[in-house]
Amino acid sequence: MLPRTGLLWGLLGVVAFSFTVPFTRVAVVGLDPLFIGCGRAVVAAVLAAIALSIGRATLPTASQWLRLVPVSVGVVAGFPILTSLALRDVGAGHSAVVIGVLPAATALVVVARTHERPARRFWIGAALGVLATVVFTVAGHGGIQAPGIGDLYLIGAVVLAAIGYAQGGVMARELGAWQTICWALLLALPAMLIATVSVTGGHLPHASAHQWMAFGYLSAVSMFLGFFAWYRGLAIGPMTTVSQVQLVQPVLTVAWAVLFLGEQLTVPMVIGGAAVIGCAAFAVRSRVTTTPPSTTARRPMDEPSRAALG
């Protein structure tokens with residue numbers, strides 16, 4: 001029951017994240033990428049402070065604050081800023097090719113960070129998932145751009161996000177899922193606030209209503225509410241398995257473009273999307289074993305309590 005529950009929570013988070021790239025693409029037309037990357041973290045931090053106050057969450061210990069730093073650097077600062085910078089120069093489809101390796105990268109970090117050891121079938125499914133994502137994206141957008149500076153931003157975003165996802169999943173087993181992203185947002189708030197003010201000069205940027213709506217989604221959902229579900233799913237785990245649910249994110253992104261933006265749906269896109277979903281299903285059905293720690297005593301995070309997962 002628990003693995004399936006983790007997958008469902010992870011899928012809910014992925015659905016929320018699947019709007020991130022297209023909405024970022026909309027927002028960067030009228031708003032500075034650095035403002036989007038930093039400003040959305042500031043807005044989300046305000047929401048986090050309200051949530052923590054209402055929930056009367058317990059303050060993290062000094063050790064937990066230190067272990068929250070990779071979460072803040074990875075998902076609060078690094079991924080949003082670098083993807084916003086990249087999307088000035090590359091299309092949403094091209095970015096999806098690079099970001100498509102994020103599930104596999106997250107699994108690698110999880111294996112290095114925890115005692116999870118997926119079976120060979122898992123790695124085959126993960127590799128095929130990356131390949132299917134590239135093919136699906138090319139089929140949906142007619143090709144990809146030549147490599148450029150935007151790709152360096154995207155690669156950096158993937159590395160930082162993988163670290164932030166894996167570490168956030170571990171911390172969610174100690175602090176709770178929604179508490180983890182809330183504390184990470186508050187930890188990053190001073191730096192994000194200074195960066196936002198320096199970009200804007202203290203003045204609210206001028207943008208269209210649609211661009212501000214996109215920014216609002218990025219702040220409230222992509223940067224805040226989506227992580228409630230995503231970190232809960234990772235905390236329930238197995239984290240390597242749940243991370244592969246994100247393979248379907250590009251498929252969902254294209255689906256929203258067809259449904260809401262009127263983009264054309266082609267036969268290669270349907271075939272590619274089915275292949276991606278099949279690879280994700282193949283990977284998540286793989287067996288994951290847990291290697292015992294070197295010491296006989298188990299750390300509290302190894303057996304997450306139901307209260308911490310809330």
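The values are calculated or read from the model by the stated rules, or taken from the named source; none is laboratory data. None of the values given here were measured: they were computed from a predicted structure. All Cβ positions, even for glycine, are placed from backbone atoms using ideal geometry, and neighbour counts span all protein chains on display.
For the criterion of being among the small types (Gly, Ala, Ser), modelled with pLDDT under 95 and more than 27 Å from Val245 (Cα to Cα), Gly37 fails.
Name the residues in the range 171-202 that are over 19 Å from Val46 (Cβ atoms) and either outside any helix (DSSP H, G or I) or acidic (Asp, Glu) (or both), would you?
Initial filter on the range 171-202 (over 19 Å from Val46 (Cβ atoms)): 171-177, 201.
Within the range 171-202, Glu174, Gly176, Gly201 meet the criteria.
One residue stands out in the range 173-206 among those that are of a type in the set (Gly, Ala, Ser) and under 12 Å from Val75 (Cβ atoms): the one that is surrounded by the fewest Cβ atoms within 10 Å (Cβ to Cβ), namely Ala188.
Any chance the range 207-220 includes a residue that's assigned to a helix (DSSP H, G or I), within 16 Å of the chain's Cα centre (by Cα) and crowded, with 24+ Cβ neighbours inside 10 Å?
Within the range 207-220, the first condition is being assigned to a helix (DSSP H, G or I), and the residues that meet it are 209-220.
Restricting the remaining residues to those that are within 16 Å of the chain's Cα centre (by Cα) gives 217-220.
Filter once more, so that each one left must be crowded, with 24+ Cβ neighbours inside 10 Å: 218.
Scanning the range 207-220, I find at least one residue that is assigned to a helix (DSSP H, G or I), within 16 Å of the chain's Cα centre (by Cα) and crowded, with 24+ Cβ neighbours inside 10 Å, so the answer is yes.
Reported count of residues in the range 5-35, each being closer than 24 Å to Ala255 by Cα and part of a helix (DSSP H, G or I), is 20.
Each residue in the range 35-58 was checked for being surrounded by fewer than 17 Cβ atoms within 10 Å (Cβ to Cβ) and either basic (Lys, Arg) or under 30 Å from Thr133 (Cα atoms) (or both), and 1 pass. Remark: pairs (first residue in the range 55-83, closer than 16 Å to Gly168 by Cβ and at pLDDT 95 or above; second residue charged (D, E, K, R) and assigned to a helix (DSSP H, G or I); Cβ separation under 7 Å; 6+ apart in sequence or on different chains) = Gln64/Glu174. Taking the options Met269, Met213, name whichever one is without any contact (Cβ under 8 Å) to a residue 12 or more places away in the chain and within 30 Å of Val29 (Cα to Cα). One residue alone meets the criteria, Met213. The residues in the range 8-29 that are over 13 Å from Ser222 (Cβ atoms) and at pLDDT 90 or above can be counted, and the count is 5.
Table: residues versus (1) modelled with pLDDT of 80 or more; (2) surrounded by 14 or more Cβ atoms within 10 Å (Cβ to Cβ).
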site: Trp230; (1), (2): yes, yes
site: Ala235; (1), (2): yes, yes
site: Thr240; (1), (2): yes, yes
site: Ala257; (1), (2): no, yes
site: Phe260; (1), (2): no, no
site: Ala275; (1), (2): yes, yes
site: Ala307; (1), (2): no, no
